[in-house]
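A.B. asks: Below you will find the structure I want to go over with you.
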Amino acid sequence: MHAELMDLLRSRLGDRSDETAVPPPVFAAMEGELLAFDACEGTLSARFPVRESYLNPYGTMQGGMVAAAVDNTLGPLSVLLAPPSVTRQLQLTYRRPATLDMGHIVVVARLAERRGRRLFFTAEVRSSEGLQLARAKATHWVFDQGGVGEEQFS
């Protein structure tokens, strides 16, 4: 499934595929794996390992790494469902810590709504056993044909 979804992402980027890294270096560095995409439901799921190098001083996965896993799932979903966009806002609510013994976390992202150039997403982070670890909301901004620049955010 992973290779098929990466090919689909590349095809969705069209002319931009030459200037865009798929998978992005950060996705590869986090050893992410795309699991399933449902265009009708507007969902994408991905799995990320819980590595010792991701742990905070308390022995649980650093919140920023959990947020990066969410962002690394929302980004591909946005490309699969809409023109290229960037994350403008990302809000996470943590319920339980991700621990090394979980092995990995699973992020399920969903497009909740599209209004003009704004895309609104939700996501859930779960343990390998299905225990909810965090919830997220995000807003993406579809950028102009010229690409991403400071003027996109004014």
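A.B. asks: Taking other Cβ within 10 Å of each residue's Cβ, how do 99, 73 sort, fewest first?
C.D. replies: The fewest-first ordering by Cβ neighbours comes to 99, 73.
A.B. asks: Can you pull out the trypsin sites (Lys or Arg not before Pro) in the stretch 67-127 whose DSSP state is coil and whose Cβ has at most 15 other Cβ atoms within 10 Å?
C.D. replies: Of the trypsin sites (Lys or Arg not before Pro), the ones in loops of the stretch 67-127 whose Cβ has at most 15 other Cβ atoms within 10 Å are 95, 117.
A.B. asks: Next question, about the same structure. Grab the beta carbon distance between residue 91 and residue 28, set R0 = 25 Å, and tell me the FRET efficiency rounded to 0.05. Don't skip to the end; give the middle numbers.
C.D. replies: Details: r = 26 Å, r/R0 = 1.03.
After rounding, the FRET efficiency stands at 0.45.
A.B. asks: How about the stretch 50-154: which GluC sites (Glu not before Pro) there are in a DSSP loop, with at most 16 other Cβ atoms within 10 Å of their Cβ?
C.D. replies: Counting only loop positions with at most 16 other Cβ atoms within 10 Å, the GluC sites (Glu not before Pro) in the stretch 50-154 are 129.
A.B. asks: Say each of residue 52 and residue 7 gets a label point 7 Å from the Cα, pointing the same way as Cα to Cβ; how far apart are those two points in nm?
C.D. replies: With each label placed 7 Å out from Cα toward Cβ, I get 3.8 nm.
All of the numbers you see were taken from the coordinates with simple rules; none came from a lab. Because the structure is predicted, anything quoted here is derived from the model rather than measured. Please note: Cβ atoms are built from the backbone with ideal geometry, for glycine as well, and neighbour counts cover all protein chains shown.
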